[in-house]
């Protein structure tokens with residue numbers, strides 16, 4: 001069993017260094033992460049989670065992005081987090097804020113990235129992947145606890161003891177290539193962002209509101225990057 | 001804000017020492033855990049996960065058990081893990097073994113308890129609970145990596161950095177009151193086990209096959225406990 005020219009391990013098909021599971025929301029950050037993983041030569045299994053969020057347009061964007069960037073597969077897993085609520089993204093009674101908020105914003109979804117990484121870890125184990133990619137970055141982790149390096153590190157530790165593969169000696173690596181990039185730096189990576197939807201309350205055609213936190217950060221990113229904003233806005 | 005006679009903290013309603021989230025599969029172990037949590041004075045929010053498993057009869061059993069044991073609420077969250085597969089419990093193409101297996105059995109569901117605890121953690125944060133109960137025990141953790149004490153400990157560490165509550169100083173405690181009990185000792189706790197379903201391939205009426213790993217462990221438990229087995233078998 002030897003690595004081929006691309007560094008893939010052929011043979012029993014159980015483990016390849018170059019298979020990755022990429023969490024793909026359909027937003028700007030995760031689309032860039034998928035492009036980065038592809039550029040590093042990973043065969044990518046894209047995974048989106050439909051969790052009762054308001055912005056379902058993101059999922060349609062995710063499917064387009066996965067295909068365009070050459071993901072080998074794209075799965076959408078449904079989890080009805082509206083049964084738990086507690087976030088403006090999962091409870092219709094909590095309004096998406098349209099002005100910057102202090103502290104952790106109401107768009108925080110309790111334990112969301114723990115859940116997303118749990119699903120990605122399960123898929124990685126089945127797919128024989130040891131590399132997971134997730135598009136967390138500084139802009140988010142100034143607000144969301146589960147976008148911080150200490151969270152990512154704790155999850156890597158958990159993965160070692162949580163899985164059959166871990167017990168058998170595997171080490172899962174969670175790649176966060178954007179963790180120290182600004183929104184502008186992400187945008188400068190030069191992807192076709194017209195395909196992506198970041199808005200927390202996009203309409204059914206994927207048009208952004210232009211007012212929520214996510215829209216503001218994205219628009220400011222294009223401005224700072226000196227790149228024309230290709231986002232389709234509702235009004 | 002003072003504890004009342006039952007040790008509950010009244011006041012802003014955000015945090016009570018005596019609210020717990022209990023993972024409830026509807027099987028023998030988790031039913032006993034709910035009874036134990038109730039006996040310790042916890043107000044219990046029961047949480048079941050429908051994850052494409054074959055034994056949906058368990059979920060109906062969970063609803064009966066939750067009501068009978070006085071859980072304050074019972075939620076069923078759907079997660080379509082059959083999109084990932086990789087286990088006899090989530091992939092119809094993999095047969096449930098009817099003889100004891102060596103090593104980690106094919107009924108292992110990749111990252112299942114990571115996923116279950118992620119959902120329980122999210123609910124705990126929304127409900128103001130800091131205590132989670134889960135029915136793992138030695139019989140399981142001889143086979144399943146995510147039933148071991150080191151997994152539980154790693155998840156507690158993760159919960160501290162994964163959540164808004166953790167960032168604000170909360171410490172989540174995962175109770176595993178059965179972790180060192182044998183199946184017989186669990187049964188001797190004396191619950192009405194006729195309500196529960198453990199079989200991996202129970203029929204629609206909740207009748208057990210009597211042959212899978214889960215049925216064998218349960219039957220052996222009743223024998224070792226010297227208690228008549230109230231399980232309803234299909235044949």
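The values are calculated or read from the model by the stated rules, or taken from the named source; none is laboratory data. Because the structure is a prediction, the values reported are computed rather than measured. All Cβ positions, even for glycine, are placed from backbone atoms using ideal geometry, and neighbour counts span all protein chains on display.
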#### Entry: Residues (over 17 Å from the mean Cα position of the chain (by Cα) and more than 20 Å from residue A:223 (Cα to Cα)) located in the range A:173-189
none
### Query
In the range A:139-181, how many residues are in a strand (DSSP E or B) and either within 9 Å of another protein chain (Cβ to nearest Cβ) or over 29 Å from residue B:107 (Cα atoms) (or both)?
1
### Test: residue A:64 is within 7 Å of chain B (Cβ to nearest Cβ) and over 22 Å from residue B:159 (Cβ atoms)
no
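Conditions (1) closer than 18 Å to residue A:80 by Cβ; (2) within 9 Å of chain A (Cβ to nearest Cβ); (3) in contact with a helix residue (DSSP H, G or I) (Cβ under 9 Å, 6 or more places away or on another chain); (4) part of a helix (DSSP H, G or I), marked per residue:
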{"position": "B:115", "(1), (2), (3), (4)": "yes, yes, yes, yes"}
{"position": "B:120", "(1), (2), (3), (4)": "yes, yes, no, yes"}
{"position": "B:123", "(1), (2), (3), (4)": "yes, yes, yes, yes"}
{"position": "B:132", "(1), (2), (3), (4)": "no, no, yes, no"}
### Task
Being more than 16 Å from the chain's Cα centre (by Cα) and in contact (Cβ under 8 Å) with a residue 60 or more places away in the chain is the filter here, so list the residues in the range B:121-166 that pass it.
B:127, B:128, B:129, B:130
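Each row is one residue, and each column tells you yes or no for (1) surrounded by fewer than 21 Cβ atoms within 10 Å (Cβ to Cβ); (2) over 21 Å from residue A:132 (Cα atoms).
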position: B:60; (1), (2): yes, yes
position: B:66; (1), (2): no, yes
position: B:73; (1), (2): yes, yes
position: B:78; (1), (2): yes, yes
position: B:85; (1), (2): yes, no
position: B:94; (1), (2): yes, yes
position: B:101; (1), (2): yes, yes
position: B:109; (1), (2): no, no
position: B:114; (1), (2): no, no
### Those residues of the range A:211-228 which are surrounded by 17 or more Cβ atoms within 10 Å (Cβ to Cβ) and assigned to a loop (DSSP other than H, G, I, E, B), in sequence order
A:211, A:212
### Task
Please tell me if residue B:194 is more than 7 Å from every other protein chain (Cβ to nearest Cβ) and within 18 Å of the chain's Cα centre (by Cα).
yes
### Criterion violated by residue A:76 - all others in (1) under 23 Å from residue A:20 (Cα atoms); (2) more than 8 Å from every other protein chain (Cβ to nearest Cβ) satisfied
(2)
### Top-ranked residue of the range A:201-210 - restricted to ones that are on the phi < 0 side of the Ramachandran plot, in a loop (DSSP other than H, G, I, E, B) and in contact with a strand residue (DSSP E or B) (Cβ under 9 Å, 6 or more places away or on another chain), ranked as modelled with the highest pLDDT
A:209
### Message
Quick check on this structure: which one of B:167, B:197 is under 30 Å from residue A:152 (Cβ atoms) and modelled with pLDDT under 95?
### Response
B:167
### Query
So residue B:110 fits all but one of (1) without any contact (Cβ under 8 Å) to a residue 12 or more places away in the chain; (2) within 10 Å of another protein chain (Cβ to nearest Cβ); what number is the exception?
(1)
### Task
Just name the residue that is nearest to the chain's Cα centre (by Cα) out of those in the range B:85-112 that are assigned to a loop (DSSP other than H, G, I, E, B) and modelled with pLDDT of 90 or more.
B:111
#### Entry: Criterion violated by residue A:156 - all others in (1) farther than 30 Å from residue B:147 by Cα; (2) out of contact with any helix residue (DSSP H, G or I) (no Cβ under 9 Å at 6 or more places or on another chain) satisfied
(1)
